[in-house]
Each structure stands twice: as C-alpha cells, then as structure tokens.
Amino acid sequence: MRIGTLLLISCLFQIAGAQVPFYPTQNISGHRFGSSVAVSGNDIVVSSVSTFLFPVTQGSVYVFEHSNGTLTQTANFAPSTILPTDGFGASVSIDNDIIAVGAPGHEGTGAVFIYRKNGTQWEFEHQLASPFSAPGGLFGTNTVIHDDLLLVAAPAAMQPGVPQFSGYVHIFQLVDTQWNYMHSMSLGNVTNYGEKIRKDGTTIIISGTTNSEGKKFVNYLLSTSSPEFGSAEQIISDFQIAEDRLYLLTRESQNQEILVIDYLTWDIVNTIAIPASDQIYTSLAVSGDKMFVGSSEYVLQMTRKFPVEYFRKVGSEWQYQYPIFGTAPDGDDNFGQALAIDGENLVIGAPQEGVVFATGNAYYLNTSTLSVTGYDSEHVVVYPNPATDSFTVKSDKNQTPEVIEIYSVAGKKLQQTNSVSSVDISHLQTGIYFARITFADGILHTCKIVKQ
C-alpha cells in the first residue's frame, strides 16, 4: 500500500520548555517589560516603559543573573531625577561590568545613565549629557559599550545648514573612572544617523537612512573612522555583525530575506529566505551557527502569538529550523520584538504579553539546548507529507505521542490531540502548518506539515 512520501528532513527535536520566562520580583514599575533587552555573560538587562494611564508609572530597568536556567533579579534602576516622559530605558547596553541606559527625552536633549558592578552590587556611576545643547536630538536613543568606549546616538540631532534630522553618534572614552567626550560622527547625506549601532569584535557599524527605500552603513573601527563603505537598495529592518559578515534583515513588499555580506568587499555571499507569512520581521540576533529573527507587527488584522524564527548554519549554508513561541496564552505578545544574544545566551522580549494590560515579559534561552536540533530522521517520521486528510507520527522507540499540537505559520494554535499517533487535518485549509509533538520522555519534536 502506498502511504505517500515520508517526511525525513523536516522533523526536529528540542528539550521542551527550553525558553524560560522571567519577570521582575521587586520594584515593579511601568509596563511593556521586555521593550529593550541586553545580555553579557550571566547578566541580563531588561527595560519597561512608562505608562500614562491612571496612575502614571515610571518605566524602569532591571538586571537579572542567570544560572542553570534560573533567573534572579539583582538590581533595579529608576533615578529620582527622571520623568515618565524621559524615555528612561529606551536603550540598554551592557559590556562586562558596565551598563548604559538611554533616556532620550531627559531635560529636552537626552541623557545616558552609567552603572558599574562593584562586587555583586550594581551602583550608579555617572550621568552623561549631550555635548550639543540644542534640544530634541534624542541623545540616548541607542547606546553601545565596547571596552573603554561608549557610543551614544542622537538620530534626531540636526547639523548646521542641513534641513532634516541628520543625526550624530557621540563617542566617549573611559579614563580611570571618568567618561570623557572624544568626538562626534555624522554624515551630511543621511538622515537618522545612529538609528542602529551594532558591534562584534573590533568592528562597530552604524546605520542611517539614505532615502525612504534603504539604509547606508558606516564602518567605525574603535578610535578611527572610515568613510561610508556600503549601501543597500532594500528596506533594512535590522542588521547584525558576526565573524566578518554583515547580516541584513531586508523587506521588499511581502518578500523578506536575510542578506549575508562580506562587509570588506560588500559582496553578497548568501541569501537566506524567511518563511512566507504576514509577519513583518524587525529584529535579528546572530551568534556562531545560530540565528534568530523576530517581529513587532503583521499585516492581517488577526491576533496571534508571535514567532521567533530559528535558523542554523549547517556547513556553509544557513537552514531554516522551526519557530519558537512564548509560553503565554494566545494573543498579540510581540514575542521577539527585542532580541539580544551573547554566545549561547539568548534573551527575547515579549512586551505586549498580558491578558488585559500589556505588562510584558522576557524569556531566557540557552541556545546550546538547540544544538542537537537538525534535520533528523532517526527519531521521528511524519507521513504522508504533504497530507490531504491526516498524518501519522512514528517514533523509533514506538512511543505514542502524549500531545500533538497544530499551529499556523503565524503561531496560532489550531488544534490539539492527546495520546494518538494519527491526526485528522481534513478541516484545515491548504497551506503550511507546524506540528509540535511531545513524548513522555520530555522530548519535543517540531515538524512542518504541508496540507494539500
């Protein structure tokens, strides 16, 4: 009897519950916890934003330490001099024992608050103001710490004689215990210069908008700068640097992909397709052989759980693996709106999570738990695939799945069956779905199902 083509290359497995949700345990203020995230080693920084609903509450910044998957809050930053309109926590950056927090609305020009770890305690060290006195520059919109350097973006600052918001990136250097202003960078032919700043090793790359359809990138190597070295025709939602490669998250209409560029030559060395959906992907994290793509919005007005798309580099090629979701009930959670990665430590912000009020949430994921994933044919097969009416799951251990859940590509849970090996999908429309298959041994398999 012909049962169809076995799906041997789309089943993946991971330890169930690998992503660990966490939330402040003390001094809770503001809402949309998870709006900005940063990570360095075992320390994680997450911000909330102010709410102007009654009662007005101030946004705050929280520090957590992770150990074997357990998250412990170790600090909370909320200076008495800030107001709800200051945007405290709009940007957070951490490098070893130093944290920088941007407040682009503070006193009209913006500010950056510096904290240093002393033993096990985080202490306020310094407040930096914009070197320019003109209001409205949004100093502190982005911050990046690299060793003894601090880069602070003011993307709305105006250059003399330039009618639009051209933007500046200001560089400070740590000398003993003081942050000294060094100089400022700008480009006359771009706007919003400093809207994003990314670093890796000795390379720091800054972006600015050249027109409504693309970005321009400028290479900044520690204490010396070089001219603009590349531009992109596509709309660039985000970018990252890893191992001498520039990863551009691009969007052209509904087509979204990742361009991998050798930024020394500006040659495209790879193009990575993102699974088609109405999600608009806006965040990117890359480390080693793993890459994660998150989103902050979608086109169709249908509430859903937001996916973080996981890719893995196999040999020289990046291969799509599967979506990762938050653990909260269905609803617009913006899971993946903010991403930060350091080595194997991934932090995911879900600032819209919350049944009634967007209190927000954040998740920690040790990506080494994903290192066993891959296209796996030894543990589970799903057949037939593509399927018309039903599919069957077969395990190499002859186990019956405890739970089989079917999700849309947008992350909405559509159905669940318990303690069966065959699943009826005759009622589903033609398209692509994901089956999350949980066995009694705690292993979770995620498979792509094609419904004909």
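Just so you know, all these numbers are worked out from the coordinates, no wet-lab data involved. Since the structure is predicted, the reported quantities are computational estimates derived from the model, not experimental observations. As a convention, Cβ positions derive from the backbone with ideal geometry for all residues, glycine included, and neighbour counts pool all protein chains shown.
Quote the FRET efficiency, to the nearest 0.05, computed for PHE357 versus VAL314 with a Förster distance R0 of 60 Å and r equal to the Cβ-Cβ distance.
After rounding to 0.05, the efficiency reads 0.90.
Take the Cα gyration tensor of the range 380-451, multiply each eigenvalue by 5, square-root it, and list the three semi-axes largest first, rounded to whole angstrom. Before the final figure, lay out each step's value.
Working: eigenvalues 71, 33, 21 Å².
After diagonalising the Cα gyration tensor, the semi-axes are 19, 13, 10 Å.
State, to one decimal in nm, how far the label point of ALA129 lies from the label point of ARG116, with both points 7 Å from Cα in the Cβ direction.
2.2
What does the charge add up to near PRO104, with Lys and Arg as +1, Asp and Glu as -1, over the other residues with Cβ less than 13 Å from its Cβ?
Numbers: positive: none; negative: ASP86, GLU107, GLU195.
The answer is -3.
Taking the Cβ of ALA129 as the centre, find all other residues whose Cβ is under 15 Å away and add up their charges (Lys, Arg: +1; Asp, Glu: -1).
-3
Can you pull out the chymotrypsin sites (Phe, Trp or Tyr not before Pro) in the range 230-309 that DSSP calls coil and that have at most 14 other Cβ atoms within 10 Å?
TRP266
At a 10 angstrom cut-off on C-beta neighbours, averaged per residue, how do the peptides 133-143, 64-74, 385-395 rank from highest to lowest? Kindly include the intermediate steps, with their values, before the conclusion.
Values: 133-143: 21.8, 64-74: 14.5, 385-395: 17.3.
Result, highest mean Cβ count within 10 Å first: 133-143, 385-395, 64-74.
Sorting VAL308, VAL39, VAL175 on the 10 Å Cβ count, fewest up front, what's the list?
Values: VAL308 26, VAL39 23, VAL175 9.
Placing the least packed residue first, the sequence is VAL175, VAL39, VAL308.
Measure up LYS313/LYS413; LYS305/LYS397; LYS313/LYS448 against 22 Å on the Cα-Cα distance and list the ones that go over.
Those over the limit are LYS313/LYS413; LYS305/LYS397.
Quick one: net charge around ASP389, please, counting Lys, Arg +1 and Asp, Glu -1 for every other residue with C-beta under 10 Å from its C-beta.
0
For ASN418 and GLN26, what is the calculated FRET efficiency with R₀ set at 35 Å and r taken between the beta-carbons, to the nearest 0.05?
About 0.35, to the nearest 0.05.
What FRET efficiency would be calculated for the residue pair ASP389, ALA273, taking the C-beta separation as r and a Förster radius of 25 Å, to the nearest 0.05?
0.30
Ordered by residue, what ³J(HN,Hα) values in Hz, to whole numbers, does the range 87-102 give under the Karplus form 6.51 cos²θ - 1.76 cosθ + 1.60, where θ = phi - 60° and Gly and Pro are x?
After applying 6.51 cos²θ - 1.76 cosθ + 1.60, I find x, 4, x, 4, 9, 9, 9, 9, 9, 6, 9, 10, 10, 10, 10, x Hz.
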